[in-house]
Amino acid sequence: MEQRQRRTVVAEKDALSVYFEALLREAPAELEQPDIIEAPSVAIAAAPVPVAEATPEEGPPEWGRETFQALLFKVGGLLLAVPLIELAGVQEWHAEKVTPLPGHMPWYLGLMVYRDRNVPVVDTAQLVMPEDKQANLQPWQDRLHHVVFIGDGAGGLACDELAQVVTLRSDEVRWRTSRTKRRWLAGTVIAHMCALLDPPVFVDVLATGLEDVPEADGA
């Protein structure tokens, strides 16, 4: 029985790795549209550009163009990485210190006071993992232990376990070239085979409640 359970856990982790790898190879056709990739950002465009058509800059973010440090942490058995330069701090999870807010997405846990301000905190596992894998998640009440604060304390990522801090070169990350889906995913740390988050985009997700940029055709 124990051996069967161990095989099941390994299979789940392998499935998640395949899922994120598939995202890094997503939509080759999109890369054949230079008018979209090379378009100026909304802030400097000559004419108004609908948000739905905007795509984050391709390649590594500014913080990832040189050697950088990243914190590795786990959510639902999945290993994630976040750049230290975009971290505001880490503290232990205390459910009683979170104020739930009705009418939000299931992954939105509520507000937690951090540095004298109310900060939105999310169950990171529910937000980043595919829906068909979430059925095997333990209830967040049983697995959350820490909160990783990002964006100068603009948002908190509740996680199961802190792992380690690693130093990475830009070429040690497989950067995404298109972010029409899972736009918070900057790339994959090759040596650790884990997803690398883009904190500024994650803060935008928390502010808008939208996980992805809607497709231009409304699909």
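Candidates are the residues of the stretch 63-112 that are part of a strand (DSSP E or B) and free of Cβ contacts under 8 Å to residues at least 60 places away in the same chain; the one that is most open to solvent (accessible area, probe 1.4 Å) is GLU92. Within the stretch 163-188, being hydrophobic (A, V, I, L, M, F, W, C) and either at pLDDT 95 or above or farther than 18 Å from GLY77 by Cα (or both) holds for VAL165, VAL166, LEU168, VAL173, TRP175, TRP184, ALA186.
Would you mind stating whether PRO83 is modelled with pLDDT of 50 or more and under 16 Å from the mean Cα position of the chain (by Cα)?
On the way: modelled with pLDDT of 50 or more: yes; under 16 Å from the mean Cα position of the chain (by Cα): yes.
Considered against the rule, which asks whether it is modelled with pLDDT of 50 or more and under 16 Å from the mean Cα position of the chain (by Cα), PRO83 comes out as yes.
Would you confirm, using the coordinates I've provided, whether ASP132 is within 22 Å of LEU185 (Cα to Cα) and free of Cβ contacts under 8 Å to residues at least 12 places away in the same chain? Before the answer, list the steps.
On the way: within 22 Å of LEU185 (Cα to Cα): yes; free of Cβ contacts under 8 Å to residues at least 12 places away in the same chain: yes.
Yes; evaluated as a whole, the condition is true for this residue.
The values are calculated or read from the model by the stated rules, or taken from the named source; none is laboratory data. Since the structure is predicted, the reported quantities are computational estimates derived from the model, not experimental observations. Cβ coordinates were reconstructed from backbone atoms using ideal geometry, including for glycine residues, and neighbour counts include every protein chain displayed. The area values use the complete protein model at the heavy-atom level, side chains included, leaving out ligands, DNA and RNA. Shrake-Rupley method; radii C 1.70, N 1.55, O 1.52, S 1.80 Å.
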